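Reviewing the structure listed below.
The values are calculated or read from the model by the stated rules, or taken from the named source; none is laboratory data. None of these values were measured; they are calculated from a predicted model. All Cβ positions, glycine included, derive from the backbone under ideal geometry; neighbour counts span all protein chains shown.
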Amino acid sequence: MVSAGAAGVASGTVAAASSALRSGEAQKTGPASIRSMRVLVVTDGEPWSKAHIVRSLIEQGHRVEIFVTGPAVGGFYGRSRQLERIAKNQDLLDHARRLIEGEGLDLIFCYVYDDFLTIEYARRLEALGLPLVNYNVDMINQWYRQTRTAPYFSLMLCAQRANMDGLVRYGARVLYFPMAAREPLASGETEFVPAAPVTFVGTPMDYRIRVLSEVERAGIPLAVYGRLWAEQRVSRPVRSLEKTFSDIYHYGWARLRTEGGAGLFRSLAERVVLAPASERSTLSRSAQHGSVPEAALADLIRRSKVNIGITRMIGEDPNRPGINQVKLRDFEVPAAGGFHLVEESEDHAGLFEIGLEIETWRTPAELIDKIRYYLANESARSAIAEAGRRRVLTEHTWAHRFDFLFRQLGLA
């Protein structure tokens, strides 16, 4: 139920959905123009949404209720778990009704896939008469996982522009809604010192390991942080034959229409890989470190001379073009005052001035050259870091994003 004032943005066209944010209209009115609201956030058990979505709404003065769907947004409910799925959907509906009948409810903000939310319960949530939105932060790989319930949402929020047309085909009213940074990240809370001047933060995946290994072999002092690095393990998705058949049945045609045969074949090929090359990271043991506490992340970023960003989503060869997308870290690093050297994605140029507010790379050779250049040129590095920080804090915080969203929904 989008108000008449939001109709232009929620018209179902990608152009209408993203034009306001692209032109900077989202930043013209500050968060102070939004009244305090009661928001139900429906999310999984991963920490990012609580640290960013929930905490940012609270910092804006809103009252937030959380409904946790499960440990991960893409959790699969096979045939043996259908009763559990229905029970959880009913719990969500009952929870929303209790809030409405109690102190009231202004908005339901979801981060869910159709793996969890059924069509019937999406319809019942819509019937509550409240603005109902759903967020997708992986439009490259997981855009289709919201196609079945898309028509029941007031807006489908898309963190990247890729495949927005695919959602529109299924009745979605789409809104370009990039990820952002929390403002408190700009001030350090600890004295965390990185183990090397060049750092990377994220989980160890095959492509990332290939890129970072080339950096290390080039003699560049490197430290990587995140879950599984200290154990020298590689993070890979768990394959399920039942889930593969379910995805083909529910989403095969949607993916074929939008991504073409090559995209569908690539996805199927990835699911039948029987023997990964290795379960161990090839980086040196001294370069690999465990997760960084949230309170220490800003210090790690700011004290690193170069923060490497890796955005590849599809394509395992670092020396060939792949498909990349803007991520949360692309806002966190500049917000903390860090110099960000990130793998280039199409959306970066619409969010930052490349070479002035962030720097980008396209191949490991270019990455290594730019690391060496910026390690030797502190003034250039510092100027970019400071300009990037200003850009994020004036345009790319969650407060800006939510202010924009609330106005499109007629909640201002």
Residue satisfying condition, being aliphatic (A, V, I, L, M), crowded, with 19+ Cβ neighbours inside 10 Å and without any contact (Cβ under 8 Å) to a residue 60 or more places away in the chain, within set ILE384, ILE371: ILE384
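Conditions (1) closer than 18 Å to PHE177 by Cα; (2) assigned to a helix (DSSP H, G or I); (3) at pLDDT 95 or above, marked per residue:
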position: GLY12; (1), (2), (3): yes, no, no
position: SER19; (1), (2), (3): yes, yes, no
position: ALA26; (1), (2), (3): yes, yes, no
position: VAL42; (1), (2), (3): yes, no, yes
position: VAL64; (1), (2), (3): no, no, yes
position: GLU84; (1), (2), (3): no, yes, yes
position: LEU92; (1), (2), (3): no, yes, yes
In the range 313-353, residue farthest from ALA181 (Cα to Cα) [restricted to those that are among the aliphatic types (A, V, I, L, M) and touching a residue at least 60 places away in the same chain (Cβ under 8 Å)]: ILE314
Matching residues in the range 99-121 - criterion: being closer than 19 Å to SER49 by Cβ, assigned to a loop (DSSP other than H, G, I, E, B) and more than 25 Å from the chain's Cα centre (by Cα): LEU105
Flag for GLY30 being farther than 27 Å from THR147 by Cα and modelled with pLDDT of 95 or more: no
Criterion violated by SER345 - all others in (1) surrounded by fewer than 22 Cβ atoms within 10 Å (Cβ to Cβ); (2) over 14 Å from ARG391 (Cβ atoms) satisfied: (1)
ALA96 vs. criteria assigned to a helix (DSSP H, G or I), surrounded by 23 or more Cβ atoms within 10 Å (Cβ to Cβ) and touching a strand residue (DSSP E or B) at 6+ places or on another chain (Cβ under 9 Å): no
From the options TYR121, TYR176, TYR113, residue that is closer than 24 Å to ALA412 by Cβ and at pLDDT 95 or above: TYR176
Count of the range 226-257 residues which are in a helix (DSSP H, G or I) and either within 24 Å of SER80 (Cα to Cα) or assigned by TED's automatic domain parsing to the domain that holds ILE140 (or both): 12
Test: residue in the range 180-192 that is more than 28 Å from LEU93 (Cβ to Cβ) and at pLDDT 95 or above: yes
Tally, over the range 192-225, of residues that are in contact (Cβ under 8 Å) with a residue 24 or more places away in the chain and not in a helix (DSSP H, G or I): 21
Among (1) touching a residue at least 60 places away in the same chain (Cβ under 8 Å); (2) surrounded by fewer than 23 Cβ atoms within 10 Å (Cβ to Cβ) - the single one ALA127 does not satisfy: (1)
Qualifying position, being farther than 19 Å from ASP44 by Cα and among the aromatic types (Phe, Trp, Tyr), among TYR144, TYR152, TYR77, TYR111: TYR152
For GLU386: the one exception among (1) farther than 30 Å from VAL64 by Cα; (2) within 21 Å of the chain's Cα centre (by Cα): (2)
Neighbours by Cβ (under 7 Å, 6+ apart or cross-chain): first from the range 93-105, in contact (Cβ under 8 Å) with a residue 24 or more places away in the chain; second charged (D, E, K, R): LEU93/ARG124; LEU99/ARG38; LEU99/GLU65; GLU103/ARG38; GLY104/ARG38; LEU105/ARG38
